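One structure is given here, and the rest of the page talks about it.
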Amino acid sequence: MTIQKKIPCVIMRGGTSRGTYFLANDLPREWDKRKEILTAAMGSGDPLQVNGVGGGNSLTSKAAIISRSTDPDADIDYLFAQVAIEQNEVDITPSCGNILSGAAPLAIEYGLVTANDGETTVRVKNVNTNTLIEVVVQTPNGFVEYEGDATIDGVPGSGAPILLKFFDVCGTKTGELLPTGSVRDTFDGVEVSCVDAAMPMVLIPAPSLGVKGSETKQELDANTELLQKIESIRLQASLKMGLGDATGKVIPKVGLLSVPQFGGTITSRYFVPQNCHTSHSVTGAICVSVSCMLPGSVAYDLITPQSSEQQNIVVEHPSGKIDLLLEGRFENDTLNIKSAGLMRTARMLFKGEVHIPAKVWDESKIA
């Protein structure tokens, strides 16, 4: 009789995403084997992921691997994995701020971080980008609190606030805020800004592609001609950004930008990259917000500039808006960002064991 392999696992909603969370010690060290386990757990290779827990959507086919950190400036290490749906592939080049918002509560739940009475600050090292994030979790009586009155657009109901403060957001992947060396570039006759702040992005003014930028996700996803134009620009931009051939890869992401409609700072439609996000990623919102502080960028042309060192940027998206607080200033032709902060919520949905076929992880065959 062949017995399936059981692996301890937690499923959590983090921000506007949902994912599987694993402790690094519960997985093999070899990345190739971890990749097989993640795709098997999610049910990848099938558009519905019916043979796994993925859910058939890029916002739910995500994973996090957590461990104690050896970095003296961090409490835990967080590795994000975007698990493909129809292919047995896993991409760890991007990060995800939404899934990150579930990592700190999980670390407390598992005893990797000792909780305080009231609230607990968890210092997280993002292994994907080698950056640090401070996460403040509500912990009355030393226990994680998930219930509360805080709301975020794109998630029904409310929860306890989780505060994220990102540091060193500029040049997280390429080493440069402007990886092409210019604040604007032109591809296929369209002016764009290629910016690397928390997430490498190609920012495109929506009118330059013949759309308003305030369309619904469904309208944009159905616009095949638009998607082809976006992908052509993205592939060319990726090469110039030093990210290589982006065919089949999820970065750089694309932001289709336009003027705000509901009193915010800017409107963004975030592409992930083959379709429009139902709301907006955290790291993508940071990149769009930083671009709003960058004179000459395509984002800067669409906003009412602020002059203070602390700037509140409100990014409107298909499900509402996301509020960010940026600390930084543009001076001497350089944009210096100290930190980017925002609020998320999270909820533990399931704690137990995910079962995968025994052949995927035969421990007798692993060194």
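The values are calculated or read from the model by the stated rules, or taken from the named source; none is laboratory data. Keep in mind the model is a prediction, meaning the values are calculated, not measured. Note that each Cβ is placed from the backbone with ideal geometry, even for glycine, and that neighbours are counted across all protein chains shown.
Quick look at the numbers
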quantity: Flag for V122 being at pLDDT 95 or above, of a type in the set (A, V, I, L, M) and over 15 Å from the mean Cα position of the chain (by Cα); calculated: yes
quantity: Residue list for the stretch 8-67, filter: part of a loop (DSSP other than H, G, I, E, B), within 21 Å of the chain's Cα centre (by Cα) and hydrophobic (A, V, I, L, M, F, W, C); calculated: V53, L59
quantity: Scan of the stretch 36-63 for residues that are under 23 Å from T283 (Cα atoms) and either surrounded by fewer than 22 Cβ atoms within 10 Å (Cβ to Cβ) or of a type in the set (S, T, N, Q) (or both), ordered by number; calculated: G55, G56, N57, S58, L59, T60, S61
quantity: Residue within the stretch 18-41 that is polar (S, T, N, Q), under 30 Å from T121 (Cβ atoms), in contact with a Cys (Cβ under 9 Å, 6 or more places away or on another chain) and modelled with pLDDT of 95 or more present; calculated: yes
quantity: Test result for N141, surrounded by fewer than 24 Cβ atoms within 10 Å (Cβ to Cβ), out of contact with any helix residue (DSSP H, G or I) (no Cβ under 7 Å at 6 or more places or on another chain) and assigned to a helix (DSSP H, G or I); calculated: yes
quantity: Test: residue in the stretch 224-234 that is touching a residue at least 12 places away in the same chain (Cβ under 8 Å) and assigned to a loop (DSSP other than H, G, I, E, B); calculated: no
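The rows are residues; the columns are (1) part of a loop (DSSP other than H, G, I, E, B); (2) in contact with a helix residue (DSSP H, G or I) (Cβ under 9 Å, 6 or more places away or on another chain); (3) among the hydroxyl-bearing types (S, T, Y); (4) buried (at least 24 other Cβ atoms within 10 Å of the Cβ).
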site	(1), (2), (3), (4)
A74	yes, no, no, no
L79	no, yes, no, no
E86	yes, no, no, no
T93	yes, no, yes, no
A103	no, no, no, yes
A107	no, no, no, yes
L112	yes, yes, no, no
K125	no, no, no, no
